[in-house]
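The values are calculated or read from the model by the stated rules, or taken from the named source; none is laboratory data. Computed from a prediction, not measured in an experiment: that's the story for all the values here. Methodologically, a virtual Cβ is constructed for each residue, glycine included, from the backbone with ideal geometry; neighbour enumeration extends over all protein chains shown.
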Number of protein chains: 2
Amino acid sequence: MPATGTDHIVTAYSDELIQLAQSIAEMGGQVELAIENGTKALLKLDRELADLTIIADQRIDDMQRNIDDMAVSMIARRQPMASDLRAIITSIHVANDLERVGDMAKQLARRSLKLEGMSLQPTFYNGVKNMTALVLRQIKDSLDAYSSRNAAAAIQVCNHDDEVDAMYTSLFRELLTYMMEDPRNITPCTHLLFCAKNLERIGDHATNIAEHAYYLQTGKQLTSDIQELHRTQIKA
Amino acid sequence: MPATGTDHIVTAYSDELIQLAQSIAEMGGQVELAIENGTKALLKLDRELADLTIIADQRIDDMQRNIDDMAVSMIARRQPMASDLRAIITSIHVANDLERVGDMAKQLARRSLKLEGMSLQPTFYNGVKNMTALVLRQIKDSLDAYSSRNAAAAIQVCNHDDEVDAMYTSLFRELLTYMMEDPRNITPCTHLLFCAKNLERIGDHATNIAEHAYYLQTGKQLTSDIQELHRTQIKA
């Protein structure tokens with residue numbers, strides 16, 4: 001039986017929604033890769049990888065612009081109903097967060113170029129390495145919560161942000177002690193302090209994405225009250 | 001003569017567009033105030049003002065959510081045509097940037113609480129003071145370019161970002177020398193380094209807002225190529 005005109009429109013529309021979700025997933029994958037490469041460039045002072053990460057950020061920026069254009073064009077042509085409109089607007093926000101995370105990864109790569117030729121003790125790097133693993137996990141989990149529309153998983157990501165903050169505070173203090181021990185450590189450790197701050201901010205963006213995921217699924221803002229409530233429920 | 005039904009709908013719609021623009025302007029005003037108060041709290045180590053700035057940020061966050069809701073509701077109900085849709089979507093982006101600037105101002109205020117009780121020489125502050133004046137000007141100019149839809153003014157803001165970056169680099173080096181001179185300067189100067197970075201990022205958000213203003217007026221992305229072209233034209 002041939003499809004009616006209406007069927008055709010409906011199918012094409014849902015295709016567009018799927019395409020939008022796929023574009024976010026693809027952008028998320030590129031951003032995760034950028035974090036991994038940016039940190040690897042930093043830890044190994046690998047200039048080639050740093051350059052690659054910096055160039056790759058342009059592609060991430062283009063992806064955001066495409067998602068934006070796709071979303072605006074869908075709203076204009078399809079005049080979506082409430083729940084679809086929410087999904088489309090949320091995709092604009094998530095792409096915005098991912099673009100900023102891409103920027104942070106680029107800054108990690110750029111920082112490696114500034115560290116070239118400085119004497120860095122391997123121990124300086126341990127904290128940065130551990131923090132990278134944690135925030136990468138947070139980004140992955142927030143994107144999973146978003147793509148699977150899992151409100152409980154979104155809350156978990158928000159709750160884990162405390163761990164990122166605690167790790168950052170501890171790393172901040174550690175780097176400061178290296179600086180006080182020897183003035184020659186001041187310049188390299190200052191650069192590493194900024195790297196730690198970038199990673200902490202990546203963690204904040206993971207929380208933002210998780211909050212968008214929660215809103216998408218429930219239609220409600222994930223306030224700290226709700227987080228607290230869920231925390232109490234988990235503990236109880 | 002009584003207004004027809006259509007007239008009524010058209011008027012109410014343009015009222016909504018004006019209200020959206022006013023909300024952005026109001027949010028911009030609050031954000032400018034937050035930058036001023038955040039820096040004042042930092043420079044005078046004024047705990048009360050710091051607390052006020054931190055609390056005021058919640059209001060800025062609420063303003064962003066309201067602008068978001070207003071925009072989504074307008075799109076859903078009014079099904080705007082291309083140019084209005086561009087204006088509405090752009091307002092979501094600008095509110096997002098303003099919210100982040102509010103966050104930076106809050107972080108400046110928070111930093112003042114960490115500096116309490118530390119011995120800080122007044123000269124440490126000069127660079128931060130000058131940078132604040134510059135980025136505050138950039139935010140004001142970008143919001144003016146946005147509200148007046150002035151593409152030339154938007155380009156000016158983007159071009160002035162180089163000054164912000166140059167001032168940041170110079171301040172970074174200056175603070176590093178204080179740290180090397182005396183280990184007791186390390187902790188306070190590290191905090192000031194982060195303040196300088198926050199201010200530099202406020203400058204980046206001003207550039208983003210200017211780019212949105214340019215896009216709104218011209219329908220084109222303000223790429224570095226276009227900026228270069230305009231720069232050459234100004235010089236010629």
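Worth pointing out:
- Search result, residues across the range B:78-118 that are in contact with a helix residue (DSSP H, G or I) (Cβ under 6 Å, 6 or more places away or on another chain), away from chain A (no Cβ under 11 Å) and among the basic types (K, R): B:K106, B:R111
- Condition check for B:D61: among the acidic types (D, E), within 12 Å of chain A (Cβ to nearest Cβ), surrounded by fewer than 16 Cβ atoms within 10 Å (Cβ to Cβ) and in contact with a helix residue (DSSP H, G or I) (Cβ under 7 Å, 6 or more places away or on another chain): yes
- For the range A:169-216, filtered to residues that are aromatic (F, W, Y) and either surrounded by fewer than 20 Cβ atoms within 10 Å (Cβ to Cβ) or within 12 Å of chain B (Cβ to nearest Cβ) (or both), the residue that is farthest from the chain's Cα centre (by Cα) is A:Y178.
- Conditions (1) more than 10 Å from chain A (Cβ to nearest Cβ); (2) in contact (Cβ under 8 Å) with a residue 12 or more places away in the chain: number failed by B:K40: (2)
- A count restricted to the range A:59-86 and to residues that are of a type in the set (A, V, I, L, M, F, W, C) and in contact with a Lys or Arg (Cβ under 9 Å, 6 or more places away or on another chain) stands at 2.
- The residues of the range B:72-123 that are modelled with pLDDT under 90 and either in contact with a Ser or Thr (Cβ under 9 Å, 6 or more places away or on another chain) or polar (S, T, N, Q) (or both), listed by number, are B:S73, B:Q79, B:S83, B:M118, B:S119, B:Q121, B:T123.
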